[in-house]
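Colleague: Pasting a structure below so you can have a look.
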Amino acid sequence: MDRIDAMWLYHWERVEEASGLAFNREGLLARTGFVYDTVPICRAVVTAPILRPQVDILSVFRAFQHAFYVDALDTTKGAVLVEVGSRALEAVGRPMSAEEFLQIWKLRSTIEEAAADFATARAIGVTSFPALFIRKEGRLQLVSPGYAKVDELDTRLKTQA
């Protein structure tokens, strides 16, 4: 294992420890030519509510995270994302075929909407994900610039209320 792989594994061990969720490091390292690119999966998250506006987006988001972290699927591939996305929509009672999901995922307007979300995140100071903000008196206030445990978030929210 080279130095980059060791650093990468250390980072994900910390994520696993902090979140309490299993992370399939071996599955991801076994893939050749893996590139960590969140743009395709973010576009898939944007696709779901375009198709089904009333969808529980957190359930869909969890399905994509599970696909990457636990199943070690290549979430840079459209074919993987549309399968995961269509199954996630079906699981929350909003069925959608993989073909329909792919059609919307590939649209220029969906690509632009995801890009606009990234631009908005940059404009409000997001430098890592997850990030949590609250709106207070018409202004956004940063609560957490990255992952935080529930107790820590609770304390931060109480001090900003």
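Colleague: Exactly which GluC sites (Glu not before Pro) in the range 110-145 are in a DSSP loop and have at most 16 other Cβ atoms within 10 Å?
Modeller: Within the range 110-145, the qualifying GluC sites (Glu not before Pro) (loop, at most 16 other Cβ atoms within 10 Å) are 137.
Colleague: Can you give the accessible area of residue 126 in Å² (nearest 10), computed on protein heavy atoms with a 1.4 Å probe?
Modeller: Around 30 Å² of this residue is reachable by solvent.
Colleague: Moving on. Accessible area per residue for the chain in Å², computed with a 1.4 Å probe and the full protein assembly in place, what is it?
Modeller: 64 Å²
Colleague: Then there is this: Using a 7 Å offset from the Cα along the Cα-to-Cβ direction at both residue 15 and residue 124, what is the distance between the two label points in nm, to one decimal?
Modeller: It works out to 2.2 nm between the two label points.
Colleague: Of all accessible surface on the range 1-120 at a 1.4 Å probe, what whole percent is carbon and sulfur?
Modeller: The C+S portion of the solvent-accessible surface of the range 1-120 is 57 percent.
Colleague: Please find, in a Gaussian network model of the chain (springs between Cα atoms separated by less than 10 Å), the residue of 110, 127, 47 whose mean-square fluctuation is greatest.
Modeller: 127
Colleague: Quick check: pseudo-label points 7 Å beyond the Cα along Cα→Cβ at residue 115 and residue 100, how many nm apart are they?
Modeller: Roughly 2.8 nm, to one decimal.
Colleague: Can you list residues whose amide H is under 5 Å from residue 144's amide H, if they're 5+ apart or on another chain and H is modeled 1.01 Å from N?
Modeller: 132
The values are calculated or read from the model by the stated rules, or taken from the named source; none is laboratory data. Keep in mind that what you see is a predicted model, and the values were worked out from it rather than measured. Virtual Cβ from ideal backbone geometry, glycine too; neighbours counted across all protein chains shown. The area values use the complete protein model at the heavy-atom level, side chains included, leaving out ligands, DNA and RNA. Shrake-Rupley method; radii C 1.70, N 1.55, O 1.52, S 1.80 Å.
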